[in-house]
1. Suppose the chain between SER75 and ALA39 were pulled fully straight at 0.36 nm per residue; how much longer would it get relative to their current alpha carbon spacing?
2. Restricting to the chain, compute how many DSSP beta bridges are antiparallel as a %, nearest 5.
3. Compute the relative contact order of the chain as a whole-number percentage, counting only Cα pairs closer than 8 Å that sit 6 or more residues apart in sequence.
4. How high is the FRET efficiency between GLU143 and LYS64 when r is their beta carbon distance and R₀ equals 22 Å, given to the nearest 0.05?
5. Between ASP125 and ASP160, what's the calculated FRET efficiency when r is the beta-carbon distance and R0 is 45 Å? Round to 0.05.
6. State whether the stretch 1-158 is rounded, prolate or oblate according to the following rule on the C-alpha gyration tensor (a ≥ b ≥ c being the square roots of its eigenvalues): a/c under 1.5 gives rounded; otherwise a/b larger than b/c gives prolate, and the remaining case gives oblate.
7. Arrange the peptides 78-88, 120-130 so that the one whose residues have, on average, the most other Cβ atoms within 10 Å appears first.
8. Residue-wise, which Karplus ³J(HN,Hα) couplings in Hz belong to the stretch 70-76, taking 6.51 cos²θ - 1.76 cosθ + 1.60, θ = phi - 60°, and x for glycine or proline?
Amino acid sequence: MTRDAPAPICAAGAILAVVDHVRSYGQLGIETGGFLYMARGSEIAGGVALTGIKGIVRRPGLFKISGEAIDELFSWAENADLFVPIQWHSHSIEAFLSCVDRNSGFSVDGFISVVLPFFKDPSADVSKWSWNIFQEGDWSPIEAPTVVDDAAQVVVFDEDGVRGA
Ligand SMILES: [Zn+2]
């Protein structure tokens, strides 16, 4: 079932920052990921939180963020009155949520999980990514969001905290 675009509008600058980050790790043959965030009350997700080093596990076929690193990001966001509605990560080829993704993703109503396929050369066309929302106990595919020509704020987070990219 595909729902009508519940994903927030995304800033083009944010999409490009995600693609660059995914490509740089994809060229090494490994997955990576992060989050998109926005100011509370805003309609545009214009912030990208890239994953750093400490507490971040990246291997072929595996990407994990420690609970401590997640806590750093979400405390920072709360203090800055930011909302973090979208998680994204890369896959070598396939564009769908794996069993691990389904079970380890944020099972919070309305949360969105995105997979970028072909991590060596990821597309900046968000309709080529897999967009999924958690609702009523499961993940369902949703339509890709609209992208508007807007700059992004980019930060890096890990267990050492959140800092400018
Ligand atoms: Zn995955």
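Read-outs throughout are calculated quantities, based only on the coordinates presented, and are distinct from any laboratory measurement. Everything numeric in this text was worked out from a predicted model, so none of it was measured. Don't worry about glycine lacking a Cβ; one is built from the backbone with ideal geometry, like all the others, and counts go over all protein chains shown.
1. Fully extending the segment from SER75 to ALA39 adds 11.5 nm.
2. 65
3. 35
4. Calculated value: 0.20.
5. Computed FRET efficiency for ASP125 and ASP160: 0.85.
6. Details: a/c = 1.17, a/b = 1.07, b/c = 1.09.
Since a/c stays below 1.5, the shape of the stretch 1-158 is classed as rounded.
7. Packing order, densest peptide first, comes out as 78-88, 120-130.
8. 4, 4, 4, 5, 6, 5, 4
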